[in-house]
Amino acid sequence: MKWIGPCTEEEVKTASMRMYEWQKQDGQRFQCRFHVHDTKEIEGAWAGLVDWISNYFFPLNYACGLRFNISITSPDLFSKLSSLELKKRSNYQVTTILCETISQAEAWLTQKYSEMN
């Protein structure tokens, strides 16, 4: 999912729940274990959502097969700090991986897929 510009907490929750619906309907069927969030263009802090993501959104998705949350970090300081807080709260269910570029995320995914097969 690509995040762009400023987003309210409600907009983030709504978009996240659409991702959950996809994971529940299609992602689970195709054994999708990874979500990639391109937050390079998001503006502002979303640290107020870290609890909601960690304690509500991730457990829902974990039940449908999600194991890794890959986040391509924003140069926006407040957004980056929010990503770092989410990574700090990674748990045994869904691990957050931070990457600076899409290429780094692709390399990580390629490596992880080769380890799984």
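Readers should treat all values here as calculations from the given coordinates under stated rules, not as data from a laboratory. For clarity, every value in this text was computed on a predicted model and none was experimentally measured.
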Task: Value of relative contact order over the chain, rounded to a whole percent, pairs C-alpha under 8 Å and six or more apart - done: 27
Task: Ratio Rg/Rh [Cα only; Rh per Kirkwood] for the stretch 1-84 - done: 0.96
